[in-house]
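Report on the structure given below.
The values are calculated or read from the model by the stated rules, or taken from the named source; none is laboratory data. For clarity, every value in this text was computed on a predicted model and none was experimentally measured. Quick reminder, even Gly has a Cβ in these numbers, built from the backbone with ideal geometry, and neighbours come from all protein chains shown. Accessible surface areas use protein heavy atoms only, side chains included; no ligands, DNA or RNA. Shrake-Rupley method; radii C 1.70, N 1.55, O 1.52, S 1.80 Å.
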Amino acid sequence: VEYEKTAYDYPRHAKSADAGYAALLAYAEQEKRLVAPDKPAWLQRVTDSALRFADANPADPRAPTVLAHAAERLYALHVPARAASVAQRVLASKPEPPPALRRTAWTVVAHTDFEKGAFDRAEAGYQQALALTPVKESSHGALVERLAATVYKQGEQSRSAGKLPEAAAHFLRVGKVAPQSPIRANAEYDAAAVFIASKNWSGATQVLENFRRVYPGSPLQAD
């Protein structure tokens, strides 16, 4: 409380930004001592203070980090629109933030687009996040799976809209963007089903013969 008073309730002074940041450090230390029921309200206070810091100190080199953490917290608090808005502020920061911060921001943006059903935009966001994520990082595999899911969902959307050739193309793209994904087999089976529904027999034959070779143990083999 005293750090925030010093940062924001007095006329601007040489230690304003440092005081605002010290408040965030104090919040972080206190968070370690909280029990689970108290954490959501505390996270909201932390987030409000973080956004206050970034608004008051837009040129501070610590601002992008503060905003990225705020975006993650807002997403965890189930405030997706606000989380995406804050993440976009990270991406718009000048100079360009480090890759890890941009990856965090793109991931939040992609997650929120996915939840809204904007799967094409979510795909672009996950692609951006993956481009900033080394393969050896633990989050890489999860991002690949989310990318595969966005492409699959686009196939489902197109199929529901009666756009069968477009649906088949999306289903087959799953194997291109995420060759090792567990949903690839279902996606390729669905592509074949769409080809059959649209009487594209040669397309269906090609996909099904490839399916038979690549997934010999699949429970869909009999179909």
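Being under 26 Å from the mean Cα position of the chain (by Cα) and free of Cβ contacts under 8 Å to residues at least 24 places away in the same chain holds for only one residue in ASP38, ASP9, ASP55, ASP18, and it is ASP55. Restricting HIS111, HIS78 to residues that are within 29 Å of THR133 (Cα to Cα), under 17 Å from the mean Cα position of the chain (by Cα), open to solvent by 70 Å² or more (accessible area, probe 1.4 Å) and free of Cβ contacts under 8 Å to residues at least 60 places away in the same chain narrows the list to HIS78. Against the criterion of being of a type in the set (A, V, I, L, M), farther than 19 Å from ALA41 by Cβ and part of a helix (DSSP H, G or I), ALA84 qualifies. Cβ contacts < 8 Å: first residue in contact (Cβ under 8 Å) with a residue 60 or more places away in the chain and β-branched (Val, Ile, Thr), restricted to region 140-166; second residue part of a helix (DSSP H, G or I) and open to solvent by 40 Å² or more (accessible area, probe 1.4 Å), any location; separation 6+ or different chain. Result? Sorted first by the residue in region 140-166, then by its partner, the list stays empty.
Among the residues examined, ALA105 does not qualify as part of a loop (DSSP other than H, G, I, E, B) and closer than 30 Å to ALA131 by Cβ.
Out of the residues in region 21-35 that are over 27 Å from the mean Cα position of the chain (by Cα) and surrounded by 12 or more Cβ atoms within 10 Å (Cβ to Cβ), which is farthest from VAL66 (Cα to Cα)? Among those that are over 27 Å from the mean Cα position of the chain (by Cα) and surrounded by 12 or more Cβ atoms within 10 Å (Cβ to Cβ), it is LEU34.
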